[in-house]
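Taking it in order: structure first as structure tokens, then the write-up.
The values are calculated or read from the model by the stated rules, or taken from the named source; none is laboratory data. For clarity, every value in this text was computed on a predicted model and none was experimentally measured. Because the Cβ atoms are built from the backbone with ideal geometry, glycine has one as well, and the counts that use them run over all protein chains shown. The accessibility values were calculated without ligands, DNA or RNA, using every heavy atom of the protein model including side chains. Shrake-Rupley method; radii C 1.70, N 1.55, O 1.52, S 1.80 Å.
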Amino acid sequence: MTSFDIPEALVRAEIDEAALRDNAAVLADRLAPARLKCVVKANAYGHGVDLIAPVLFTAGWREFCVATIPEALHLRSLLGPEPEIIAWLYGPTTDLDEAVRADIQLGVSTVESLDRLTKAARRTGATARAHLKIDTGLGRNGLSPEAVVRAFDWLRRHAEDSRSAVTDDTDPTRDPGATTDPTRDPGATTDIRIVGIMSHFAVADEPERPETAAQSAVFSSAHGQLRAVLDAADGRLGESDDLDVHIANSPGALTLGPCPGTSARVGLALYGLSPLEGGDPTALGLRPVMRLVSTVINLKDIPAGHGASYGLTFTAATDTRFALVPGGYGDGLPRSASNRAEVAIRGRRYPVVGRIAMDQMIIDIGVGNDEVAIGDEVVIFGPGGPSAAEWGTWANTINYEIVTQLSARVDRTVRKGDGR
Ligand SMILES: *Cc1c(COP(=O)(O)O)cnc(C)c1O
């Protein structure tokens, strides 16, 4: 095998470390006394988790969230044993042993998961830390009201079982891994601990809607009941006063004051993007962390009547000049933004004409435009160019999707310093 020095990619995502650190600090201030949990799922919303997570960790943040167990284990190997890592999305056959061994805290959305987590803990000899996930109205994951009742029953039974296991050492069905460690925490089970309760808002980005308060009320009620279950179990399943209570996402964190619970799981806002429609991140004290750039690699004068790109969906009305720019749906740019999107070159906006192809797009810079030269930087989105939210509008989607779908072909690099 020969190895090569691979040159920089044509499309590059510059990550502004200072913006990321500042956004986290601004959000933490806003949330206090609730704590900031940094959501770095989906490759840190396309920004590159290998770059983003270490910057946050070095800046002192110790609570991270991802969706899946593979994401959580990757993060654990990246950041080491210290930070709290929560994951909440796994299937009925996903292996939980490795997650428990790596001290990944799991959101629990089914009663079966409580069982499976406990078994994983016994097999591995580690303690499973669980956050009960309550569906308070989103209808997605989380325990339904009926499943909440069954989960509490399961917990009561489990506390009883561990109580009798402690007092009855002769019980032949007793699993040695399930009993207490009397030297540490008398009476506590070592297999599963309920360390948190969580839920997720559906419409917190629309502050005028009543459903958010309704979800909060359901959540508070479940929290109260869980506290009672834990107290009745004499601390065997966890301490009610130590529960981590979290329901707010970025929209919740930005629209609700004060932030409900003891922490908030913040994703999009951390990256300096607004979750609110038409929202201006600057007004929230946030700055975009990513700047997606490319380069002008060809220029040509085009006569009136000439077409552009596949399908010739654009025809030049007058003589003009085209700039060719690497960047297409193979990099994660949405083809649906064809003939609508804009980019910035030397601080001026120009339209994308014709279809965005897999690898490249055509920019109409106008007849005789000598301001633009081959080799010029093109800001596709981010500071100095359009926003990810504008791309979202052009593509009939949202900024979340624009950044998250950036592909592996894009080089992500950290820009040091204090940004702009
Ligand atoms: C993605 C996600 C978040 C973060 O949402 P943002 O709107 O990006 O802040 C929080 N909680 C859950 C359960 C999620 O899936």
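Please compute the net charge surrounding Val148, taking Lys and Arg as +1 and Asp and Glu as -1 over other residues with Cβ under 12 Å from its Cβ. Residues near Val148 contribute -1 overall. 3J(HN,Hα) along region 341-354: 5, 10, 10, 10, 10, 6, x, 10, 8, 9, x, 7, 10, x Hz, from the Karplus curve 6.51 cos²θ - 1.76 cosθ + 1.60 with θ = phi - 60°, whole Hz, x for Gly and Pro.
Please label the shape of region 2-129 as rounded, prolate or oblate, based on the square roots a ≥ b ≥ c of the eigenvalues of the alpha-carbon gyration tensor (a/c under 1.5 means rounded; beyond that, a/b larger than b/c means prolate, else oblate). It comes out oblate by the Cα gyration axes.
Quickly rank 148-154, 397-403 as a protection proxy: mean count of other C-beta atoms within 10 Å, highest first. Walk me through the intermediate numbers first.
Working: 148-154: 17.6, 397-403: 21.9.
Top to bottom by mean Cβ count within 10 Å: 397-403, 148-154.
Looking at region 3-68, which GluC sites (Glu not before Pro) are DSSP coil and have at most 13 other C-beta atoms within 10 Å of their C-beta?
Hits after loop and neighbour filter: Glu8.
When only Cα pairs below 8 angstrom with a gap of at least 6 residues are kept, the chain shows a relative contact order of 19 percent. Net charge near Gly368: determine it from the other residues with C-beta under 13 Å of the C-beta of Gly368, scoring Lys and Arg +1 and Asp and Glu -1. Residues close to Gly368 contribute a combined charge of -3.
Run lengths n ≥ 4 of DSSP H only: what is the helix-derived mean residue ellipticity at 222 nm for the chain, with -39500 (n - 2.57) per run over all residues, to the nearest 500? Mind dumping the intermediate values first?
Working: 11 runs with 124 residues, N = 420.
Per the formula, -9000 deg cm²/dmol.
A straight line joining the Cα centroids of region 300-322 and region 384-414 runs 26 Å. 3J(HN,Hα) along region 259-276, derived from phi through the Karplus expression 6.51 cos²θ - 1.76 cosθ + 1.60 where θ = phi - 60°, amounts to 5, x, x, 9, 7, 9, 9, 10, x, 3, 5, 4, 8, x, 10, 8, x, 9 Hz, with x in place of Gly and Pro.
Report note on the peptides 292-300, 64-72, 406-414: ranked by the mean count of other C-beta atoms within 10 Å, highest first, their order is 64-72, 292-300, 406-414. In the full protein context, region 267-400 carries 41 Å² of accessible surface per residue, based on a 1.4 Å probe and ignoring ligands, DNA and RNA.
Taking the centroid of alpha carbons for each part, region 324-367 and region 238-276 are 36 Å apart.
Across all directions, the shadow cast by the convex hull of the chain built on its C-alpha atoms averages 25.1 square nanometres. Residue ranges 34-47, 203-216 sort as 34-47, 203-216 when ordered by packing (mean number of other C-beta atoms within 10 Å per residue, highest first).
Can you send over the carbon and sulfur percentage of the accessible area for the chain, probe radius 1.4 Å, protein chains only? Mind dumping the intermediate values first?
Working: 9750 of 18510 Å².
Result for the chain: 53 percent of the exposed heavy-atom area is carbon or sulfur.
Neighbours of Arg349, meaning other residues whose beta-carbon lies under 13 angstrom from its beta-carbon, give a summed charge of -1 when Lys and Arg score +1 and Asp and Glu score -1.
Any idea how far the Cα center of region 22-73 sits from the one of region 127-165, in Å? A separation of 27 Å, based on Cα centres.
Near the amide H of Ile134, within less than 5 Å, lie the amide hydrogens of Leu143, Met198, Ser199, all on another chain or at least 5 residues away, with H placed in the peptide plane.
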